Amino acid sequence: MLIIAVLLTLMAAVAVAVAVQRNLFSVVVLGGIYSFLMATVLVALDAVDVAMTEASVGAGISTVLLLGALYLCGGGEAKPLARPWLPLAVALVIAGALAYGTLGLPAFSDPQAPIHTHVVPRYLSAALAETGVPNVVTAVLASYRGYDTLGETTVVFTAGVGVIALLRRIGRRKKPGRGQ
Amino acid sequence: MTAAASHYSYWITVLLMVAGLYIVIARGNLVKKLIGLSIFQTSVYLLYIAPGKLIGGTPPILAEGFRLYSNPLPHVLILTAIVVGVATLALGLAIVVRIREAYGSIEEDEILAADRAAERRPAESR
(Lines give C-alpha, C1' and ligand atoms only; values in the text may rest on other atoms or scores of the structure.)
Protein backbone atom coordinates (compact mmCIF):
# COMPACT_ATOMS: atom_id res chain seq x y z
CA MET A 1 0.00 0.00 0.00
CA LEU A 2 2.74 2.45 1.02
CA ILE A 3 5.01 1.45 -1.88
CA ILE A 4 2.15 2.01 -4.33
CA ALA A 5 1.59 5.50 -2.89
CA VAL A 6 5.31 6.36 -3.13
CA LEU A 7 5.56 5.12 -6.74
CA LEU A 8 2.40 7.02 -7.72
CA THR A 9 3.85 10.21 -6.19
CA LEU A 10 7.05 9.70 -8.23
CA MET A 11 4.96 9.25 -11.38
CA ALA A 12 3.12 12.50 -10.70
CA ALA A 13 6.48 14.30 -10.23
CA VAL A 14 7.79 12.91 -13.55
CA ALA A 15 4.57 13.95 -15.35
CA VAL A 16 4.94 17.51 -14.03
CA ALA A 17 8.61 17.49 -15.12
CA VAL A 18 7.51 16.43 -18.63
CA ALA A 19 5.04 19.33 -18.69
CA VAL A 20 7.63 22.01 -17.76
CA GLN A 21 10.70 20.60 -19.56
CA ARG A 22 11.40 22.20 -22.98
CA ASN A 23 14.30 20.12 -24.31
CA LEU A 24 12.63 17.41 -26.41
CA PHE A 25 15.36 14.82 -25.83
CA SER A 26 14.95 15.22 -22.05
CA VAL A 27 11.18 14.89 -22.47
CA VAL A 28 11.59 11.57 -24.32
CA VAL A 29 13.97 10.23 -21.64
CA LEU A 30 11.55 11.35 -18.90
CA GLY A 31 8.83 9.55 -20.85
CA GLY A 32 10.88 6.34 -20.64
CA ILE A 33 11.34 6.81 -16.87
CA TYR A 34 7.60 7.42 -16.58
CA SER A 35 6.79 4.19 -18.42
CA PHE A 36 9.14 2.13 -16.23
CA LEU A 37 7.59 3.65 -13.09
CA MET A 38 4.19 2.76 -14.54
CA ALA A 39 5.36 -0.83 -15.09
CA THR A 40 6.58 -1.02 -11.46
CA VAL A 41 3.26 0.31 -10.18
CA LEU A 42 1.47 -2.29 -12.29
CA VAL A 43 3.55 -5.09 -10.69
CA ALA A 44 2.61 -3.71 -7.27
CA LEU A 45 -1.04 -3.72 -8.39
CA ASP A 46 -0.77 -7.46 -9.34
CA ALA A 47 -1.09 -6.75 -13.08
CA VAL A 48 2.03 -8.65 -14.09
CA ASP A 49 1.04 -9.26 -17.73
CA VAL A 50 0.24 -5.58 -18.23
CA ALA A 51 3.49 -4.56 -16.51
CA MET A 52 5.53 -6.70 -18.90
CA THR A 53 3.75 -5.20 -21.91
CA GLU A 54 4.15 -1.66 -20.57
CA ALA A 55 7.88 -2.16 -19.93
CA SER A 56 8.53 -3.57 -23.41
CA VAL A 57 6.03 -1.60 -25.51
CA GLY A 58 5.55 1.59 -23.47
CA ALA A 59 9.14 2.11 -22.34
CA GLY A 60 10.89 0.29 -25.20
CA ILE A 61 9.12 0.69 -28.54
CA SER A 62 7.52 4.09 -27.74
CA THR A 63 10.88 5.57 -26.73
CA VAL A 64 12.54 4.21 -29.88
CA LEU A 65 9.72 5.62 -32.05
CA LEU A 66 9.99 9.03 -30.36
CA LEU A 67 13.78 9.12 -30.74
CA GLY A 68 13.40 8.18 -34.41
CA ALA A 69 10.88 10.97 -34.92
CA LEU A 70 13.22 13.44 -33.16
CA TYR A 71 16.03 12.37 -35.48
CA LEU A 72 13.86 12.92 -38.57
CA CYS A 73 12.41 16.23 -37.29
CA GLY A 74 15.71 17.57 -35.95
CA GLY A 75 13.89 18.43 -32.74
CA GLY A 76 15.79 20.46 -30.16
CA GLU A 77 14.03 22.91 -27.91
CA ALA A 78 10.28 23.39 -27.86
CA LYS A 79 9.17 27.04 -27.90
CA PRO A 80 8.34 28.66 -24.56
CA LEU A 81 4.68 29.06 -23.76
CA ALA A 82 2.93 32.26 -24.82
CA ARG A 83 -0.23 32.27 -22.67
CA PRO A 84 -0.44 29.17 -20.46
CA TRP A 85 -3.14 30.59 -18.15
CA LEU A 86 -6.25 29.50 -20.06
CA PRO A 87 -5.10 25.85 -20.52
CA LEU A 88 -4.00 25.79 -16.86
CA ALA A 89 -7.43 27.05 -15.74
CA VAL A 90 -9.18 24.45 -17.93
CA ALA A 91 -6.95 21.68 -16.50
CA LEU A 92 -7.54 22.78 -12.89
CA VAL A 93 -11.34 22.99 -13.33
CA ILE A 94 -11.42 19.49 -14.89
CA ALA A 95 -9.13 18.17 -12.11
CA GLY A 96 -11.47 19.59 -9.47
CA ALA A 97 -14.56 18.08 -11.12
CA LEU A 98 -12.91 14.65 -11.52
CA ALA A 99 -11.52 14.65 -7.94
CA TYR A 100 -15.03 15.47 -6.68
CA GLY A 101 -16.34 12.58 -8.79
CA THR A 102 -13.85 10.09 -7.26
CA LEU A 103 -15.43 10.61 -3.81
CA GLY A 104 -18.38 8.53 -5.04
CA LEU A 105 -16.17 5.61 -6.11
CA PRO A 106 -15.51 2.58 -3.88
CA ALA A 107 -12.44 2.70 -1.64
CA PHE A 108 -9.10 1.20 -2.79
CA SER A 109 -9.06 -2.61 -2.43
CA ASP A 110 -12.68 -2.87 -1.25
CA PRO A 111 -13.61 -6.57 -1.80
CA GLN A 112 -17.33 -5.68 -1.92
CA ALA A 113 -16.87 -3.24 -4.83
CA PRO A 114 -18.97 -4.12 -7.92
CA ILE A 115 -15.79 -4.76 -9.96
CA HIS A 116 -15.00 -7.78 -7.74
CA THR A 117 -18.51 -9.24 -7.43
CA HIS A 118 -20.13 -9.00 -10.86
CA VAL A 119 -18.62 -11.40 -13.44
CA VAL A 120 -15.09 -12.08 -12.21
CA PRO A 121 -15.87 -14.93 -9.76
CA ARG A 122 -17.29 -16.88 -12.71
CA TYR A 123 -14.03 -16.46 -14.68
CA LEU A 124 -11.82 -17.26 -11.69
CA SER A 125 -13.74 -20.42 -10.80
CA ALA A 126 -14.36 -21.81 -14.31
CA ALA A 127 -11.42 -20.60 -16.43
CA LEU A 128 -9.08 -23.50 -15.58
CA ALA A 129 -11.72 -26.18 -16.28
CA GLU A 130 -12.98 -24.53 -19.49
CA THR A 131 -9.73 -23.45 -21.14
CA GLY A 132 -6.97 -25.39 -19.35
CA VAL A 133 -4.90 -22.20 -18.92
CA PRO A 134 -3.98 -21.33 -15.31
CA ASN A 135 -3.30 -17.66 -16.17
CA VAL A 136 -6.78 -16.16 -16.23
CA VAL A 137 -5.61 -13.06 -18.16
CA THR A 138 -4.36 -15.28 -20.99
CA ALA A 139 -7.53 -17.38 -20.84
CA VAL A 140 -9.77 -14.33 -21.26
CA LEU A 141 -7.53 -12.64 -23.84
CA ALA A 142 -6.98 -15.60 -26.13
CA SER A 143 -10.02 -17.78 -25.49
CA TYR A 144 -13.11 -16.01 -24.12
CA ARG A 145 -12.43 -12.69 -25.92
CA GLY A 146 -10.35 -14.01 -28.81
CA TYR A 147 -12.27 -11.91 -31.35
CA ASP A 148 -11.32 -8.71 -29.49
CA THR A 149 -7.67 -9.66 -29.85
CA LEU A 150 -8.24 -10.27 -33.56
CA GLY A 151 -9.73 -6.73 -33.77
CA GLU A 152 -6.68 -5.35 -31.93
CA THR A 153 -4.40 -7.05 -34.46
CA THR A 154 -6.42 -5.41 -37.25
CA VAL A 155 -5.91 -1.99 -35.64
CA VAL A 156 -2.15 -2.54 -35.34
CA PHE A 157 -1.99 -3.75 -38.96
CA THR A 158 -3.93 -0.68 -40.16
CA ALA A 159 -1.61 1.65 -38.22
CA GLY A 160 1.44 -0.12 -39.68
CA VAL A 161 0.07 0.26 -43.21
CA GLY A 162 -0.65 3.95 -42.47
CA VAL A 163 2.90 4.60 -41.22
CA ILE A 164 4.43 2.91 -44.29
CA ALA A 165 2.13 4.86 -46.64
CA LEU A 166 3.03 8.18 -44.95
CA LEU A 167 6.79 7.63 -44.78
CA ARG A 168 7.21 6.06 -48.25
CA ARG A 169 6.18 9.37 -49.87
CA ILE A 170 9.24 11.06 -48.37
CA GLY A 171 11.59 8.61 -50.05
CA ARG A 172 9.80 8.92 -53.40
CA ARG A 173 9.84 12.71 -53.32
CA LYS A 174 13.51 12.96 -52.42
CA LYS A 175 14.72 10.79 -55.31
CA PRO A 176 13.79 13.13 -58.23
CA GLY A 177 15.19 16.03 -56.16
CA ARG A 178 18.57 14.33 -56.00
CA GLY A 179 18.62 13.67 -59.75
CA GLN A 180 18.01 17.29 -60.72
CA MET B 1 -9.25 4.00 6.21
CA THR B 2 -9.48 7.74 5.65
CA ALA B 3 -10.54 9.22 2.32
CA ALA B 4 -6.94 10.35 1.66
CA ALA B 5 -5.60 6.78 1.93
CA SER B 6 -8.46 5.02 0.16
CA HIS B 7 -8.75 7.45 -2.79
CA TYR B 8 -5.09 8.42 -3.29
CA SER B 9 -4.69 6.28 -6.44
CA TYR B 10 -7.74 7.96 -7.99
CA TRP B 11 -6.34 11.43 -7.25
CA ILE B 12 -2.98 10.63 -8.82
CA THR B 13 -4.87 9.26 -11.84
CA VAL B 14 -6.74 12.57 -12.08
CA LEU B 15 -3.47 14.52 -11.76
CA LEU B 16 -1.80 12.50 -14.53
CA MET B 17 -4.88 12.89 -16.72
CA VAL B 18 -4.98 16.69 -16.44
CA ALA B 19 -1.17 16.91 -16.80
CA GLY B 20 -1.53 15.09 -20.14
CA LEU B 21 -4.49 17.29 -21.11
CA TYR B 22 -2.55 20.45 -20.21
CA ILE B 23 0.43 19.40 -22.34
CA VAL B 24 -1.88 18.64 -25.29
CA ILE B 25 -3.68 22.02 -25.04
CA ALA B 26 -0.89 24.37 -23.97
CA ARG B 27 2.20 23.09 -25.79
CA GLY B 28 2.60 24.00 -29.47
CA ASN B 29 5.31 21.43 -30.26
CA LEU B 30 3.71 18.44 -32.01
CA VAL B 31 6.10 15.79 -30.56
CA LYS B 32 5.39 17.14 -27.08
CA LYS B 33 1.66 17.02 -27.76
CA LEU B 34 1.93 13.31 -28.60
CA ILE B 35 3.87 12.65 -25.36
CA GLY B 36 1.08 14.47 -23.49
CA LEU B 37 -1.43 12.21 -25.22
CA SER B 38 0.56 9.14 -24.05
CA ILE B 39 0.51 10.42 -20.45
CA PHE B 40 -3.26 10.88 -20.71
CA GLN B 41 -3.48 7.30 -21.99
CA THR B 42 -1.38 5.83 -19.16
CA SER B 43 -3.61 7.57 -16.61
CA VAL B 44 -6.50 5.55 -18.09
CA TYR B 45 -4.46 2.35 -17.50
CA LEU B 46 -4.20 3.31 -13.85
CA LEU B 47 -7.91 4.17 -13.67
CA TYR B 48 -8.75 0.63 -14.82
CA ILE B 49 -6.10 -1.40 -12.98
CA ALA B 50 -6.03 0.24 -9.53
CA PRO B 51 -9.63 -0.68 -8.52
CA GLY B 52 -8.93 -4.32 -9.50
CA LYS B 53 -6.23 -4.72 -6.83
CA LEU B 54 -7.06 -6.60 -3.64
CA ILE B 55 -4.62 -6.18 -0.75
CA GLY B 56 -3.42 -9.67 0.21
CA GLY B 57 -4.36 -11.02 -3.22
CA THR B 58 -2.01 -12.44 -5.84
CA PRO B 59 -1.79 -11.95 -9.62
CA PRO B 60 -4.62 -13.89 -11.34
CA ILE B 61 -2.63 -17.06 -12.09
CA LEU B 62 -4.54 -19.99 -10.58
CA ALA B 63 -2.48 -22.21 -8.25
CA GLU B 64 -2.94 -24.49 -5.29
CA GLY B 65 -2.94 -22.76 -1.93
CA PHE B 66 -4.14 -19.35 -3.12
CA ARG B 67 -7.73 -18.22 -2.76
CA LEU B 68 -7.65 -14.44 -3.30
CA TYR B 69 -6.83 -13.12 -6.76
CA SER B 70 -6.82 -9.58 -8.15
CA ASN B 71 -9.32 -8.83 -10.89
CA PRO B 72 -8.10 -10.14 -14.28
CA LEU B 73 -10.61 -8.37 -16.56
CA PRO B 74 -9.10 -4.83 -16.42
CA HIS B 75 -5.70 -6.40 -17.18
CA VAL B 76 -7.09 -7.89 -20.40
CA LEU B 77 -8.65 -4.59 -21.48
CA ILE B 78 -5.50 -2.60 -20.76
CA LEU B 79 -3.22 -5.08 -22.56
CA THR B 80 -5.24 -4.26 -25.68
CA ALA B 81 -5.15 -0.54 -24.89
CA ILE B 82 -1.32 -0.44 -24.56
CA VAL B 83 -0.78 -2.07 -27.96
CA VAL B 84 -3.37 0.13 -29.67
CA GLY B 85 -1.82 3.16 -27.90
CA VAL B 86 1.63 2.51 -29.36
CA ALA B 87 0.06 1.99 -32.80
CA THR B 88 -1.64 5.41 -32.64
CA LEU B 89 1.60 6.97 -31.36
CA ALA B 90 3.51 5.55 -34.35
CA LEU B 91 0.89 6.87 -36.78
CA GLY B 92 0.89 10.30 -35.09
CA LEU B 93 4.70 10.51 -35.26
CA ALA B 94 4.63 9.54 -38.97
CA ILE B 95 2.18 12.42 -39.59
CA VAL B 96 4.49 14.77 -37.61
CA VAL B 97 7.42 13.73 -39.81
CA ARG B 98 5.32 14.47 -42.92
CA ILE B 99 4.28 17.88 -41.50
CA ARG B 100 7.94 18.68 -40.85
CA GLU B 101 8.67 17.68 -44.46
CA ALA B 102 5.94 19.98 -45.81
CA TYR B 103 6.31 23.01 -43.49
CA GLY B 104 9.88 22.78 -42.18
CA SER B 105 8.63 23.11 -38.60
CA ILE B 106 6.88 21.11 -35.87
CA GLU B 107 5.66 24.15 -33.92
CA GLU B 108 1.92 24.68 -34.21
CA ASP B 109 2.01 28.51 -34.43
CA GLU B 110 4.62 28.48 -37.23
CA ILE B 111 2.53 25.94 -39.20
CA LEU B 112 -0.61 28.06 -38.77
CA ALA B 113 1.33 31.20 -39.81
CA ALA B 114 2.58 29.39 -42.93
CA ASP B 115 -0.99 28.34 -43.74
CA ARG B 116 -2.27 31.93 -43.39
CA ALA B 117 0.56 33.27 -45.55
CA ALA B 118 -0.28 30.66 -48.21
CA GLU B 119 -3.95 31.71 -48.12
CA ARG B 120 -3.04 35.36 -48.65
CA ARG B 121 -0.90 34.53 -51.71
CA PRO B 122 -2.89 31.75 -53.44
CA ALA B 123 -1.04 32.15 -56.76
CA GLU B 124 2.34 31.32 -55.21
CA SER B 125 2.80 27.69 -54.38
CA ARG B 126 4.92 26.58 -51.47
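The values are calculated or read from the model by the stated rules, or taken from the named source; none is laboratory data. Predicted model only: the values in this text are computed from it and were never measured. So basically every Cβ, Gly included, is an ideal-geometry build from the backbone, and we count neighbours across all protein chains shown. Ligands, DNA and RNA are excluded from the accessible area calculation, which covers all protein heavy atoms including side chains. Shrake-Rupley method; radii C 1.70, N 1.55, O 1.52, S 1.80 Å.
Quick notes
- Entry remark, the range B:73-126: residues being at the interface with chain A (Cβ under 7 Å from one of its Cβ atoms) and either under 21 Å from the mean Cα position of the chain (by Cα) or buried (at least 16 other Cβ atoms within 10 Å of the Cβ) (or both) number 24 in total.
- So B:S70, is it among the polar types (S, T, N, Q), more than 7 Å from chain A (Cβ to nearest Cβ) and over 24 Å from A:G32 (Cβ atoms): no
- Within the range B:22-32, if we keep just the residues that are in contact (Cβ under 8 Å) with a residue 12 or more places away in the chain and not in a helix (DSSP H, G or I), the residue that is least open to solvent (accessible area, probe 1.4 Å) turns out to be B:N29.
- Residues of the range B:1-20 that are open to solvent by 40 Å² or more (accessible area, probe 1.4 Å) and under 14 Å from A:V18 (Cα atoms): B:L15 alone.
- Residues that are touching a residue at least 24 places away in the same chain (Cβ under 8 Å) and at the interface with another protein chain (Cβ under 7 Å from one of its Cβ atoms) within the range A:5-26 comprise A:L8, A:M11, A:L24, listed in sequence order.
- Condition met for A:L141 (part of a helix (DSSP H, G or I) and either at pLDDT 85 or above or surrounded by fewer than 17 Cβ atoms within 10 Å (Cβ to Cβ) (or both)): yes
Every residue, every condition in (1) outside any helix (DSSP H, G or I); (2) facing chain A (nearest Cβ under 7 Å); (3) small (G, A, S); (4) on the phi > 0 side of the Ramachandran plot, yes or no:
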position: B:G20; (1), (2), (3), (4): no, no, yes, no
position: B:L34; (1), (2), (3), (4): no, no, no, no
position: B:L47; (1), (2), (3), (4): no, no, no, no
position: B:I55; (1), (2), (3), (4): yes, yes, no, no
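- So A:F108, is it on the phi < 0 side of the Ramachandran plot, part of a loop (DSSP other than H, G, I, E, B) and within 23 Å of the chain's Cα centre (by Cα): yes
- Number of the exception - A:S62 against (1) surrounded by 17 or more Cβ atoms within 10 Å (Cβ to Cβ); (2) at pLDDT 90 or above; (3) closer than 30 Å to B:G57 by Cα: (3)
- Yes/no for B:L46 being closer than 22 Å to A:A44 by Cα, surrounded by fewer than 16 Cβ atoms within 10 Å (Cβ to Cβ) and in contact (Cβ under 8 Å) with a residue 12 or more places away in the chain: no
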